[in-house]
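**Student:** Below you'll find the structure I mean.
The values are calculated or read from the model by the stated rules, or taken from the named source; none is laboratory data. Because the structure is predicted, anything quoted here is derived from the model rather than measured. Here the Cβ positions follow ideal geometry from the backbone for every residue, glycine too, while neighbour counts run over all protein chains shown.
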Amino acid sequence: MTAARLVATLGGVGLIRPAPGTWGSAVVLPLVLLGPGACLLLAVLVAAAGFWAAPRVLSDAGDDPGWFVADEGAGMLLTLAALPEPSWSGVIVAFAAFRAFDIVKPWPVSWADAQPGGLGVMLDDLVAGALAAAVVVALRIVGVV
């Protein structure tokens, strides 16, 4: 497996069936224990690695194959960065919100998804992660999380 494919699949997690995107999101959940700053830094690093890997492993058409899950990892980490301290309820809400935005793709996630090539593949999950983080922050403000 090439380095780019290893990054794209988050070390092979993207090859797990069914629902590789869900596995790609779930595999980073334990990193919430490192704290919000570490999650944000890791989100940036995984996103940068994903942007590097995308043109090396994707076809020119810019398909978003199920096995490419670096985008899910980066988006989920961005969402986890909104949790000041880990809690089961916070992680569950973060995971559910991120997966919902990633699957349903409301605007602006749909706009990001429509961008060409690796940009769209990576950007839609980063936007979904930012929106899910906003949901987590809003729920923290009202005391739900």
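**Student:** For residues that are surrounded by fewer than 19 Cβ atoms within 10 Å (Cβ to Cβ) and either within 18 Å of LEU126 (Cα to Cα) or of a type in the set (A, V, I, L, M) (or both), tally how many sit in region 68-103.
**Tutor:** 4
**Student:** Could you tell me whether GLY24 is within 18 Å of ILE103 (Cα to Cα), buried (at least 16 other Cβ atoms within 10 Å of the Cβ) and within 12 Å of the chain's Cα centre (by Cα)? Steps first, please.
**Tutor:** On the way: within 18 Å of ILE103 (Cα to Cα): yes; buried (at least 16 other Cβ atoms within 10 Å of the Cβ): yes; within 12 Å of the chain's Cα centre (by Cα): yes.
Against the criterion (within 18 Å of ILE103 (Cα to Cα), buried (at least 16 other Cβ atoms within 10 Å of the Cβ) and within 12 Å of the chain's Cα centre (by Cα)), GLY24 qualifies.
**Student:** Out of all the residues in region 35-44, is one or more among the small types (Gly, Ala, Ser) and on the phi > 0 side of the Ramachandran plot?
**Tutor:** There is at least one residue in region 35-44 that is among the small types (Gly, Ala, Ser) and on the phi > 0 side of the Ramachandran plot.
**Student:** Okay, next question. Restricting attention to helices (runs of 4 or more DSSP H) lying wholly within region 61-145, give those where 3 or more residues are modelled with pLDDT of 95 or more and among the aromatic types (Phe, Trp, Tyr).
**Tutor:** So the answer is 88-104.
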